[in-house]
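Everything below concerns the one structure shown next.
Coordinate-derived values only; no laboratory data. Bear in mind that the values here come from a model prediction, so they are computed numbers and not experimental data. Counting neighbours? That spans all protein chains shown, and the Cβs are built from the backbone with ideal geometry, glycine included.
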Amino acid sequence: MAVNFVYALLSIIIVSLVSLVGVFTLVLKRDLLEKIIMVLVALAAGGMLGGAFIHLMPEAIAEGGPVFSMVILGIILFFIIEVYLYWYHCHGGHIHKHKHSGKCNIRPMGYLNLIGDGVHNFTDGMIVAVSFMVSIPLGLITTLAVIFHEIPQEIGDFGVLIYSGFSRQSALFFNFLSALTAILGVLLTYLFASWIENITVYLIPFAAGGFIYIAMTDLLAELKEEEDAKKASLQILIFLIGIFTMWLVKVVFGG
């Protein structure tokens, strides 16, 4: 069991490092970053919806439990959180595309993305830990599946944080902090293995609800305002690629 725990911990640390994929943007000029930022937002929207409907919800249904109730609860709570974040940070201001007015320096969608990704990463940590409890080969396969679906999602998440108003350095830092919840998931799974499985039944569909809310109300709402036909077509294509990537990971790894 000790060897399995070491494997699980090392594996999830590697998964967490995927969150630093946005480091490549540090060498990009600001005008170039601004040109590709909506592409990253489109990728994030597709990745979130694909992750929710292709990965998280089917997995939660297989586990049993109040799946759709937790999805709805996730949507409701993320809506409430966004309302109060907007009131607290943007009171008296109105958000326009590519601009922050009033007191709203950081868009609420950025904070929501960190919360949703944190919950998702936490459940990933638990899933990896449980897989290694079964066997090391199963744990390695699960880790590989998690990495491959995290790469496009983390790239998109980073783009969302930048678009929300975070600096590139802050986006990297907070995205990495969010990824570290996966390590917490591994540690708590091994400490409380007897009842941790019951928690995943609730957290996985809750995270799905959060992703659905962010993708549908924030990200797609921004994308649909694009007035240039070529840019809009490209964003639709990238959005579909995000969904397709999640489907492909499901087919290849079953994760």
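The longest part of the chain holding none of the exposed loop GluC sites (Glu not before Pro), meaning those outside H, G, I, E and B in DSSP with at most 15 other Cβ atoms within 10 Å, is 1-224.
Anisotropy class assigned to the range 118-219 is prolate, per the alpha carbon gyration tensor with a/c at or over the 1.5 cut-off and a/b larger than b/c.
For the chain, relative contact order (Cα pairs under 8 Å, six or more residues apart, normalised by length) works out to 42 percent. Taking the Cα atoms of the range 204-255, the ratio Rg/Rh between the radius of gyration and the Kirkwood radius comes to 1.07.
Where a ≥ b ≥ c are the square roots of the eigenvalues of the C-alpha gyration tensor, would you call the range 163-255 rounded, which needs a/c under 1.5, or, failing that, prolate if a/b is larger than b/c, or oblate? Here the range 163-255 falls in the prolate category.
Could you tell me which of rounded, prolate or oblate describes the range 1-87, using a ≥ b ≥ c as the square roots of the eigenvalues of the alpha-carbon gyration tensor, with rounded for a/c under 1.5 and, failing that, prolate when a/b is larger than b/c and oblate otherwise? Oblate, since a/c reaches 1.5 and b/c is not below a/b.
For the chain, leaving out every one of the trypsin sites (Lys or Arg not before Pro) that falls in a DSSP loop and has at most 14 other Cβ atoms within 10 Å, the longest unbroken run is 104-223.
Helical runs assigned H by DSSP (4 residues or longer) give the chain a calculated mean residue ellipticity at 222 nm of -25500 deg cm²/dmol, each run adding -39500 (n - 2.57) before division by the residue total. Geometric descriptor of the chain, per residue, is 117 Å³ (volume of the convex hull of the Cα atoms).
Please give, to one decimal in nm, the separation of the simple spin-label points placed at F192 and S135, each 7 Å out from Cα toward the Cβ. Result for the modelled spin labels: 3.0 nm.
Using just the C-alpha positions of the range 38-80 as equal point scatterers, what log10 of I(q)/I(0) does the Debye formula give at each q in 0.14, 0.28 1/Å? So the normalised log intensities work out to -0.40, -0.96.
When exposed loop sites are taken as chymotrypsin sites (Phe, Trp or Tyr not before Pro) in a DSSP loop with at most 14 other Cβ atoms within 10 Å, the longest stretch of the chain clear of them is 1-191.
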